[in-house]
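So the structure is just underneath, and the comments pick up after that.
The values are calculated or read from the model by the stated rules, or taken from the named source; none is laboratory data. These numbers were taken from a predicted model, which means no experiment stands behind them. As a convention, Cβ positions derive from the backbone with ideal geometry for all residues, glycine included, and neighbour counts pool all protein chains shown. Quick note on the areas: whole protein, heavy atoms, side chains included, nothing else; ligands and nucleic acids left out. Shrake-Rupley method; radii C 1.70, N 1.55, O 1.52, S 1.80 Å.
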Amino acid sequence: MKTNVKFMLASVAVCLYPLGTFAGQVLPAEFEGVWSMTSAYEIKADGTRTTNYGEHPNGLLMIDKSGRYSLQIFRPNRPKFASGDKTRGTPEEYREAALGSSTHTGWLSIDAAKGQLTFRIDAASYPNWEGTQQVREYIFKDGVLTYGVPASASGNGTVAYSVWQHLPHEQFSHSAR
């Protein structure tokens, strides 16, 4: 009987662990909901602007009231695999599929006083991000969230920006049908 109780307590602790990692942080209500990507671009160290995900990327960010999030970004018109089988792609097809998308999920906290958001990434399409915390400077104005990935993260002086438009609940409800 004692073993079962210990097992249950350990199981509960493991399940609740993610909730406690951002203890004391309150996610402002305006960040909850569904966001559509309007732009993703990079500013290189020399000042030039590039768009790795195209001029009109497909992106969706969902954040619940507890701070759990899921984020996906895709470059439109990525080439399809000629074989029709993702296990038999060419090196170039795999390259385009990997570099034309970015996804991660985990927990989000907001420090409005510092103008920073922090992603605690549990799973990502880029495995090196899994288990990391990444801080982003952000601006939130008129339902638009813009944040930048610091140049130090790229190692080459490039700063990547993501721009998201908050979708009204009614708009998302209709588009999901």
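Candidates Lys86, Lys80, Lys141: the one that is basic (Lys, Arg), within 28 Å of Pro168 (Cβ to Cβ) and out of contact with any Gly (no Cβ under 6 Å at 6 or more places or on another chain) is Lys141.
When the range 113-129 is filtered for residues that are open to solvent by 70 Å² or more (accessible area, probe 1.4 Å) and without any contact (Cβ under 8 Å) to a residue 24 or more places away in the chain, the ones remaining, listed by number, are Ala113, Lys114, Pro127, Asn128. Please go through the range 121-172 and pick out each residue that is assigned to a loop (DSSP other than H, G, I, E, B) and either among the small types (Gly, Ala, Ser) or under 22 Å from Thr50 (Cβ atoms) (or both). Ser125, Tyr126, Gly131, Gly143, Pro150, Gly155, Asn156, Gly157, Thr158, listed by residue number. Scanning the range 52-74 for residues that are closer than 17 Å to Ala40 by Cα, part of a loop (DSSP other than H, G, I, E, B) and open to solvent by 50 Å² or more (accessible area, probe 1.4 Å) returns Asn52, Glu55, His56.
For the range 95-106, state whether one or more residues are over 24 Å from Ile43 (Cα atoms) and not in a loop (DSSP other than H, G, I, E, B). Yes, there is a match, as at least one residue in the range 95-106 is over 24 Å from Ile43 (Cα atoms) and not in a loop (DSSP other than H, G, I, E, B).
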